[in-house]
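The structure appears right after this line, and notes come after that.
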Amino acid sequence: MTDTDLIAAARTAALRAYAPYSKFSVGCAIESVDGAVVTGANMENACYRLGLCAEVSALTLAQASFGLDKVARIAVAGGDGSGSELAGGAAVTPCGGCRQSILEAAQLSGRDVEILCASGDGETVERHKISALIPFGFGPTSLADSARSLSRLVAQ
Ligand code: THU
């Protein structure tokens, strides 16, 4: 899938957001190393803090569909989803929590996952690697020295 197609999938997914409180619709499209694509959108809640971001929605589906370790590329787009097309001119980058969730997928495969951060209208696109979005991040590889892995070493 081309970058444009992946961004288009994220923009379309945003139209299925449930965002009655912020009225800010976000869509995310994730492509696997094998070319499969899954999408997700943000889903808010009357208990505001329970809202889910589009990236986490899409990553959940990615895990169910092909596995987090197969995530190759991600597109995110956000803006006004009240019309027939997502609108807005500012590129949307993943929030801090979503960067952490993407880092989990990236470290599982050792792949520096690329994220296409698009504006609602799809005209503005920033490209970032997850290593740039969350430098010095704490991920699965940071747990190498846990007591669990030490005890495994001792048992050998
Ligand atoms: N949002 C996302 O879905 N992803 C992000 O990376 C940033 C924020 C959502 C959460 C909330 O529903 C709305 O955008 C406004 O913050």
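The values are calculated or read from the model by the stated rules, or taken from the named source; none is laboratory data. On a predicted model such as this, the values are computed, not experimentally measured, just so you know. Cβ sites come from the backbone with ideal geometry, for glycine too, and all protein chains shown count toward neighbours. All accessible areas refer to the heavy atoms of the entire protein, side chains included, with ligands and DNA or RNA removed. Shrake-Rupley method; radii C 1.70, N 1.55, O 1.52, S 1.80 Å.
Name the single residue, out of those in the stretch 88-101 being of a type outside the set (Gly, Ala, Ser) and not in a helix (DSSP H, G or I), that is surrounded by the most Cβ atoms within 10 Å (Cβ to Cβ).
Pro94
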How many of the residues making up the stretch 17-57 are within 17 Å of Val92 (Cα to Cα) and either at pLDDT below 95 or open to solvent by 70 Å² or more (accessible area, probe 1.4 Å) (or both)? 4
The correct count of residues that are assigned to a loop (DSSP other than H, G, I, E, B) and in contact with a helix residue (DSSP H, G or I) (Cβ under 9 Å, 6 or more places away or on another chain) in the stretch 111-128 is 6
Which residues, taken from the stretch 54-87, are within 12 Å of the ligand (Cβ to nearest atom), not hydrophobic (A, V, I, L, M, F, W, C) and not in a strand (DSSP E or B)? Glu55, Ser57, Gly81
